[in-house]
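Just below is one structure, and these are the notes that go with it.
The values are calculated or read from the model by the stated rules, or taken from the named source; none is laboratory data. Keep in mind the model is a prediction, meaning the values are calculated, not measured. We place every Cβ from the backbone using ideal geometry, glycine too, and count neighbours over all the protein chains shown. The protein model used for the area step is the full one, side chains on, heavy atoms only, and it has no ligands, DNA or RNA in it. Shrake-Rupley method; radii C 1.70, N 1.55, O 1.52, S 1.80 Å.
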Amino acid sequence: MVPSGRVVFGHMEEVVFGKPAAEAVAGQVQRLGGTRVFLMVSNSLSRNTDEIDKVRRALGDRFAGSFDRMPPHTPRAAVIEATEAARAAQADLIVTIGGGSITDGAKAARMCLANDIRSPEAIDRLRPVKGADGIVGPPQMNPPMLRQISVPTTLSGGEFSAIAGVTDERTKVKELLRHPRIIPSAVVLDPAATVHTPEWLWLSTGIRAVDHCVEGVCSNEANAFGDAQALKGLALLSSGLPRVKADPKDLAARLDCQLGTWLSMGPLASGVPMGASHGIGYVLGAEFGVPHGHTSCIMLPAVMRWNKPANAERQALVATAMLQPGRDAGDALDGLIRGLGMPRSLGAVKIGRDHFERIAVQAMATPWVPRNPRPIDGPAQVREILELAA
């Protein structure tokens, strides 16, 4: 059978890498015509470094205000708080500097601004809907008009997608808000701006990017476009992450990790779904507060081992990209994660078997578990994976 597929090229215009963030951001603001630039930034970067001040100085009188209070997992209440601050500043452009929660928070805030959303409950109006063709997409809404420039300081990769993960505090469920215009217009990859990122956060979100690569390659819906990017991304990440662990000041290794993260989003950009590692990870993050990098550190090798009867040939591509041809891919990933000093079990993050049933039930409702390459028909099979990660 001739394979078929669809690759959607998003609205991102430029990726600038290897230049100082302040210089690159100022250039992008000028290109986009921003006159009232609102910064959404990491609180720790703002408080403990001069990285944000450098950007402010580079913006000069175009700087209109800032917000630095976005918690992990992007809760709705904080999205509304950021939205109101951007509205009060009369922002015409948003620049994010920080991790994935801040990036997603700005995407969601832009949707709220375009649709006069002023309360956490009103974000219900932005939930995706399933169309007549079965494809899930944005509801009827005003498209976000405010543009975004992102300077990521972690490796979760959300700056390269048109999806925002936002947690509904009422249900403790992380929901995916979608619109093709929420992908940032430009991304700036400055490895020097990442040296302040805590080591555990850099390395664990790097494994999150590895997870994007691996689940993309191992999907039953993989395609040549996604494979080419994900396998190169995996090679860069599996080499770069241990080098940063050995020498945190190795900017070339950090840039390799950033470029690998960019490439890791190739499968998602070409319509390839993620699998059970991502799906279970959503529940662990939203329900138990496990950092999303750590969820991948814990779940990815277990999911690979459970899936191996269904996709051993695809898993062999993973091991080869990691320069370990012939080795079990789950073992290769386990070795990489252990070498970085990251948690390798649910017990390490204090999640016991008494929670497995609840996790399994909730995981079935995520977008990714039903599209895992080895079919998962119900919570019992999710519990099998959880046992492997216990």
> Which pairs, out of K232/K308; K19/K174; K54/K107; K107/K249; K249/K308; K19/K249, put more than 26 Å between their alpha-carbon atoms?
Replying inline: K19/K174; K107/K249; K249/K308
> Which value, in debye to the nearest 20, describes the size of the charge dipole of the chain about its Cα centre when Lys and Arg Cβ atoms bear +1, Asp and Glu Cβ atoms bear -1, and nothing else is charged?
Replying inline: 220
>> Test of understanding: what is the full-extension gain from L251 to A310, defined as 0.36 nm times their sequence separation minus their Cα-Cα distance?
In response: 17.4 nm
> Using the Cα gyration tensor of the stretch 94-167, with a ≥ b ≥ c the square roots of its eigenvalues, what is the shape: rounded (a/c below 1.5), prolate (a/b larger than b/c) or oblate (neither)?
Replying inline: prolate
> Tell me, what is the per residue accessible area of the chain in Å², probe radius 1.4 Å?
Replying inline: 40
> If you build a Gaussian network model of the chain, linking Cα atoms that sit under 10 Å apart, which residue out of A109, A380, A164 swings the most?
Replying inline: A380
> Shape of the chain from its Cα gyration tensor (a ≥ b ≥ c, root eigenvalues): rounded if a/c is under 1.5, otherwise prolate when a/b > b/c, or oblate?
Replying inline: prolate
>> For the stretch 168-191 and the stretch 331-390, what is the centre-to-centre distance using only Cα atoms, to the nearest Å?
In response: 24
> Per the 1.4 Å probe, what fraction of the accessible area of the chain, in percent, lies on carbon and sulfur atoms?
Replying inline: 54
> What's the percent breakdown of Cα-Cα distances in the stretch 229-355 across 10 Å bins, shortest bin first?
Replying inline: 13, 40, 38, 10, 0
> If one takes the longest principal axis of the Cα atoms in the chain, at what angle in degrees, from 0 to 90 and to the nearest 10, does the Cα axis of helix 21-32 lie?
Replying inline: 70
> In whole Å, what is the distance between the alpha-carbon centres of the stretch 6-26 and the stretch 119-147?
Replying inline: 25
>> Between 0 and 90 degrees, rounded to the nearest ten: what's the tilt of helix 76-88 against the longest Cα principal axis of the chain?
In response: 20
> Around V8, what is the net charge, scoring Lys/Arg as +1 and Asp/Glu as -1 over all other residues with Cβ under 13 Å from its Cβ?
Replying inline: +3
